[in-house]
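The values are calculated or read from the model by the stated rules, or taken from the named source; none is laboratory data. Computed from a prediction, not measured in an experiment: that's the story for all the values here. Glycine also receives a Cβ, built like all others from the backbone with ideal geometry; neighbour counts cover every protein chain displayed. To get the accessible areas, we keep the full protein, side chains included, count just its heavy atoms, and leave off ligands, DNA and RNA. Shrake-Rupley method; radii C 1.70, N 1.55, O 1.52, S 1.80 Å.
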Amino acid sequence: MAILKAVRGTRDLLPPETELWNKVEAAARSVFARYGFGEIRTPIFETTELFARGVGEETDIVSKEMYTWEDRGRAESDRGQSLTLRPENTAGVVRAYIEHKLGETGSLQKLFYIGPQFRRERPQRGRYRQFWQIGAEVIGPTSSGSESPVRDAEVLEMLATLLDELGITGWRLALNSVGSAADRARYSTALREALAPVKHKMCEDNQRRAETNPLRVLDSKDENDQEIINGLPKIADFLGEDSREHFAQVRAALDACHVRYIIDPRLVRGLDYYTRTTFEFTVPDGSGLGTQNAILGGGRYDGLSEMLGGPKAPGIGFAIGEDRLILTLQAQAAEAHTSKLDAYIAPMGTAQNPAALQLASELRRAGLTVEVGDGSFRLKKSFEAANKVARKIIILGEDEVKSGVFTIKDFAKAEQTKIPHGDLATALKP
Ligand code: HAM
């Protein structure tokens, strides 16, 4: 009988890896608690209409990637409806905010979630059809301070704290403002005008988007269309005074908290609900993610509640791709593990073996990490072995033992120096 396997794009998480998942989730819960967030759990499936209205019909997520089915009624009187496995959690949280009238409390709602999401994307490393997000949303009536730039900066500062506490190194925060709904309407008009004379050269999807939702043209990955896309007007030139001032205040608060960022004027993000601040955190090459290097994304969505039929409730939030966070941690830890020894001692001839071991003992007692070769190795072999495990090689021949001056080669700098015995330990310290 054929062996049954997990469905393409889904995977099992097994021990001991699950221990790391639990650690990451515990760290997130601990940080969220310090910032006053409480947990929300929304259903894994919702009505299709929620995502169509919230995320946007023209987005890749809604137009191509959702797991949607017609859920038949169980009785004559029970009408069927179109349901969808949640591709993201913000729309569900805002639906719950409206449904439970959380706005009527008058206070700011700070909610976090941890759970699986579903998108029918082409699977690759760091991209799955069932993936996990750790996310949070800050939402409330304007009187609760939900629109304040302090909220944006606080969320970003919290993320910097979480990533630092988890030990993620080299992360980069890219920031942009996509303006208010009015700014975006003006920008859309400008895009439509700029696209009109050239859109016939673009792929079919972009030709359609150029009419229906020109902002989504900017998310297009179609290679042939990139030249046209790069020449399109930039959102930054369409921001009204209010949006510009809001963005300036977000940046000033981030500067005050020493959170570093770069401004990326093309960062519009692939969901329709964003207004004003948008952001993404990426990790450097070599962090185990390949091209899927965005470990989290988010932004403001001041009009989403109204789009879903609720009261005015500005908000801002983010979602971390937990799978990607774990891959990064694993890759970066592996890199830390393979961190090299301080020195490799290469005795020249077996007669120098005892002196090599004695020098190793002395350096190890001084706190250095040291490996010793063998006097029978040829020089070339010693160099190859040393280069694999250590940052530096110490050549130990008869002359060196007699004179007490050693030849050391630094592999990274490709530099050779002579160092007296007494200065060796200091010279080898990283
Ligand atoms: P998103 O950018 O679509 O935003 O997803 C957030 C993060 O989820 C991405 O940066 C990535 O790390 C991860 N992710 C997305 N798709 C996949 C996939 N197929 N496999 C693995 N990881 C993936 C949102 O979902 C918004 N709801 C974020 C937000 C919250 N905005 C405001 N509040």
**Asked** Peptides 397-406, 94-103: what's the order by average Cβ count within 10 Å, highest mean first?
**Response** 94-103, 397-406
**Request:** Using label points projected 7 Å from each Cα along Cα→Cβ, tell me how many nm separate THR169 and VAL150, to one decimal.
**Result:** 3.6 nm
**Request:** Calculate the spin-label point distance for ARG365 paired with ALA182, positioning each point 7 Å from the Cα along the beta-carbon direction, and give it in nanometres.
**Result:** 7.8 nm
**Request:** May I ask you to derive the FRET efficiency for GLU65 and GLU104 from their Cβ-Cβ distance with R0 = 35 Å, giving the value to the nearest 0.05?
**Result:** 0.50
**Fill in**
Here the equivalent ellipsoid of the stretch 51-163, derived from its Cα gyration tensor, has semi-axes (largest first, whole Å) of 29, 22, 12
**Prompt:** Rounded to the nearest 500 deg cm²/dmol, what is the calculated helix-only ellipticity per residue at 222 nm for the chain, with -39500 (n - 2.57) per DSSP H run of length n ≥ 4?
**Reply:** -10500 deg cm²/dmol
**Message:** Show me the ranking of peptides 188-198, 282-292 by mean Cβ neighbours inside 10 Å, starting with the highest.
**Reply:** 282-292, 188-198
**Request:** Please work out, to two decimal places, the log10 of the ratio I(q)/I(0) at q = 0.10, 0.13 Å⁻¹ from a Debye calculation in which every Cα of the stretch 216-310 carries one identical scatterer.
**Result:** -0.35, -0.60
**Message:** As a test of reading the structure, rank ARG125, ARG184 by solvent-accessible area (1.4 Å probe, protein chains only), most first.
**Reply:** ARG125, ARG184
**Request:** Name the residue farthest towards the positive end of the dipole of the chain from the options VAL31, GLY317, LEU424, assuming +1 on Cβ of Lys and Arg, -1 on Cβ of Asp and Glu, about the Cα centre.
**Result:** LEU424
**Prompt:** Looking only at Cα atoms, what is the convex hull volume of the chain per residue, in Å³?
**Reply:** 230 Å³
**Message:** With a 1.4 Å probe and all protein chains left in place, how much of the accessible area of the chain comes from carbon and sulfur atoms, in whole percent?
**Reply:** 52 percent
**Prompt:** What whole-number value in Å² describes the accessible area per residue of the chain for a 1.4 Å probe?
**Reply:** 50 Å²
**Request:** Count the lysine pairs in the stretch 95-237 whose Cα atoms sit under 26 Å apart, keeping only pairs 8 or more residues apart in sequence or on different chains.
**Result:** 6
**Message:** Give me the one-decimal nm value for the distance between modelled label points at ILE262 and GLN330, 7 Å along each residue's Cα-to-Cβ direction.
**Reply:** 2.8 nm
**Message:** From the C-alpha coordinates alone, can you work out the Kirkwood hydrodynamic radius of the stretch 123-222, in Å?
**Reply:** 17.5 Å
**Request:** Find the Cα radius of gyration of the stretch 72-135, compare it with 2.2 N^0.38 Å by division, and give the number to two decimals.
**Result:** 1.52
**Message:** List the lysines whose Cα sits under 20 Å from the Cα of LYS429, skipping any in the same chain fewer than 8 residues away.
**Reply:** LYS340, LYS388, LYS392, LYS409, LYS413, LYS418
**Asked** How would you order 342-351, 420-429 from highest to lowest mean count of nearby Cβ atoms within 10 Å?
**Response** 342-351, 420-429
**Prompt:** Which value, to two decimals, describes the C-alpha radius of gyration of the stretch 313-430 once divided by 2.2 N^0.38 Å?
**Reply:** 1.50
**FRET E, pair ARG120, SER30, Förster distance 22 Å, beta-carbon r, rounded to 0.05** = 0.05
**Request:** Take every DSSP beta bridge whose two residues both sit in the chain, then give the antiparallel share in percent to the nearest 5.
**Result:** 80 percent
**Request:** Mind giving me the FRET efficiency for ASP399 and LYS221? R0 is 56 Å, r the Cβ-Cβ distance, nearest 0.05 is fine.
**Result:** 0.35
**Complete:** Here the gain from full extension of ASP242 to ASP374, 0.36 nm per residue of separation minus their alpha-carbon distance, amounts to 40.4 nm
